[in-house]
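Okay, so here's the structure we're looking at.
Values in this text are rule-based calculations from the coordinates and carry no lab data. Bear in mind the structure is a predicted one, so any value in this text is a computation, not a measurement. Here the Cβ positions follow ideal geometry from the backbone for every residue, glycine too, while neighbour counts run over all protein chains shown.
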Amino acid sequence: MSDYRAAPRTVVEACFDPQGTASLAYVYDLAASAGLADQPVRLAIRRLEAAGVLRQEGRGRKGRLLLTDTGRLRTDQDAQLIALAYAQDAGRAPWDGRWRLHTFSVPEQHRPERDALRAALTRLGAAPLTPGAYLSPHDLRAELVTETSESTVGDYLITAEATRLTGPGFTDPTSIAERLWPAADTVQAYRPLADALARQPLTPDPDELVVAALELADALSRALEQDPLLPPELRPTPWPPAQLRRAFQDRWTAIRLRAPDLSLFRAFDTPGAPSA
């Protein structure tokens, strides 16, 4: 059995259905299966509510949790990230060979907008070239509007496309990718997922299946947060993160077949993702 202990927040976030609703009875039952007491789960719910991610209706096991617009937005973004990863792995999202430059210059009196743009570009996997200039193989404008605001993007963001870049160490697309997004850093981000897959035999025990599913989903989510998801054309072949994502999906499908009533992290049931 794994030494993994699910964080209460992970358990709460795992329980929402596609409509953005989670029964508190299910949340507490799942937490108990994962070895968590009710009190830390209640605290996690209060913190998520204070952060504007969810709201609670009713008390005790008869109550329910509802995602707010902010919570739904984050869930949708996570689902899109997962879908992009698997689309690239399957060759359904080939690179068009264009680099996208995203640059901005925001006056000091509008520092919050500047900070929001910088944080959003970083979260979306863009790499800084110079202060205020970020590079990505993806067009991020639509995502930046969602993560900041249409007025912030419209007032300050300038975008450009190029098929050729030159500069120190910039000799070809793969060398540019390695310089700005080192492969070793991304591979390392998937180490917890590799470890979880290696030590988790499929088990008939329902509680162990819950813990296994939580650990796998948590490890993949954390890896994707650090993965810029460059097109496969810019990475070595074979690419270990893609292999681990396929292994995850095989294990995830097997868990689903073993425990069909287990409702966890529906974003990982991505249509078109590889399955066992």
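One table, with the values for the structure above:
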{"read-out": "CD proxy at 222 nm, helix term only [per DSSP H run n ≥ 4: -39500 (n - 2.57); per residue of the chain; nearest 500]", "value": "-16000 deg cm²/dmol"}
{"read-out": "Three-way shape call for segment 112-178 based on the alpha-carbon gyration tensor, with the a/c threshold at 1.5", "value": "prolate"}
{"read-out": "In nm, spacing of pseudo-spin labels at ALA90 and ARG47 (7 Å Cα→C-beta vector)", "value": "3.6 nm"}
{"read-out": "Segment 1-160: relative contact order as a whole-number percent, Cα under 8 Å and 6+ apart", "value": "17 percent"}
{"read-out": "Ratio Rg/Rh [Cα only; Rh per Kirkwood] for segment 102-146", "value": "0.94"}
{"read-out": "Cα centroid of segment 195-223 to Cα centroid of segment 36-68, whole Å", "value": "24 Å"}
{"read-out": "Cα-based Rg of segment 1-115 normalised by 2.2 N^0.38 Å, two decimals", "value": "1.44"}
{"read-out": "Three-way shape call for segment 63-212 based on the alpha-carbon gyration tensor, with the a/c threshold at 1.5", "value": "oblate"}
{"read-out": "Length released on extending from THR122 to LEU66, taking residue separation times 0.36 nm less the Cα-Cα span", "value": "17.3 nm"}
{"read-out": "Cα point-scatterer Debye curve for the chain, base-10 log of I(q)/I(0) at q = 0.17 Å⁻¹", "value": "-1.36"}
{"read-out": "Two-site FRET efficiency, ASP195 against PHE170, from Cβ-Cβ distance with R₀ of 30 Å, rounded to 0.05", "value": "0.30"}
{"read-out": "Cβ-Cβ FRET estimate between GLN56 and ARG5, R0 fixed at 22 Å, reported to 0.05", "value": "0.35"}
{"read-out": "Excluding exposed DSSP-loop trypsin sites (Lys or Arg not before Pro) (at most 14 other C-beta within 10 Å), longest clean stretch of the chain", "value": "165-276"}
{"read-out": "Full-stretch length increase - GLN226, ALA160 - with 0.36 nm per residue and alpha-carbon distance subtracted", "value": "21.3 nm"}
{"read-out": "Vicinal HN-Hα couplings computed from phi for segment 242-249 (Karplus, 6.51 cos²θ - 1.76 cosθ + 1.60; Hz; Gly/Pro x)", "value": "5, 4, 5, 5, 5, 5, 4, 5"}
{"read-out": "Over the chain, relative contact order from alpha-carbon pairs under 8 Å, at least 6 apart, %", "value": "24 percent"}
{"read-out": "Hz values of 3J(HN,Hα) by residue in segment 169-177 - Karplus curve (6.51, -1.76, 1.60), Gly and Pro given as x", "value": "x, 9, 10, 7, x, 5, 6, 5, 4"}
